Amino acid sequence: MGQIRNVLDLMRRGENLRFEDVMILDQSVFLGVADIHDRHRDMRLDVDNMSYEELLALEERIGNVSTGLSEEAILNRLKRQKYSSTPGAQSEAEPCCICQEEYNDGENLGTLECGHNFHADCIKQWLCKNLCPICKTTGLTK
């Protein structure tokens with residue numbers, strides 16, 4: 001007990017502790033001291049131990065927060081072009097990574113600011129997250 005008191009005195013004085021000093025503190029004593037100073041303890045949620053029903057109730061209370069873009073913003077900012085395959089091209093274009101379908105001539109493509117292309121309808125749905133599905137950068141600036 002005397003060693004623990006010495007370590008606590010060092011802590012109160014703001015002196016640096018050695019590894020051995022920290023190891024002297026029993027974990028339960030150390031955590032017990034930390035809990036005393038946690039003024040927001042009653043406000044913390046233990047979501048790891050909540051039931052499914054409690055999590056659903058929490059979702060209802062919190063609501064839905066959207067970080068994506070509105071339909072209007074997507075329509076105004078998304079660069080569009082028609083897909084055109086070039087005859088005799090050595091390498092085929094990669095399929096749309098969202099729907100995994102190949103691009104067909106005349107289809108509308110949407111291009112994000114990072115330069116990646118997708119079917120325009122596919123990327124409009126994805127932009128509710130406003131991230132590029134390939135490189136995870138911001139899809140369109142607000």
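Quick notes on this structure:
- For Leu140, distant residues with modelled amide H under 5 Å away: none
- Legend: ranking of residues Met50, Met43 from fewest to most surrounding C-beta atoms inside 10 Å; resulting order Met43, Met50.
- Spin-label pair Lys82/Thr138, simplified geometry with 7 Å Cα→Cβ offset, distance in nm: 3.3
- Nearest-0.05 FRET efficiency for Val47 and Arg13, computed from C-beta distance (R0 30 Å): 0.20
- Ranked packing of 72-81, 114-123, most packed first, by mean Cβ within 10 Å: 114-123, 72-81
- Using 0.36 nm per residue and subtracting the Cα-Cα separation, the extra length available between Cys99 and Glu60 on full extension is 10.9 nm.
Only the coordinates and a few stated rules stand behind these numbers; no lab work does. If you're wondering where the values come from, they're calculated on a predicted model, not measured in any experiment. Backbone-built Cβ (ideal geometry, glycine too); neighbour counts: all protein chains shown.
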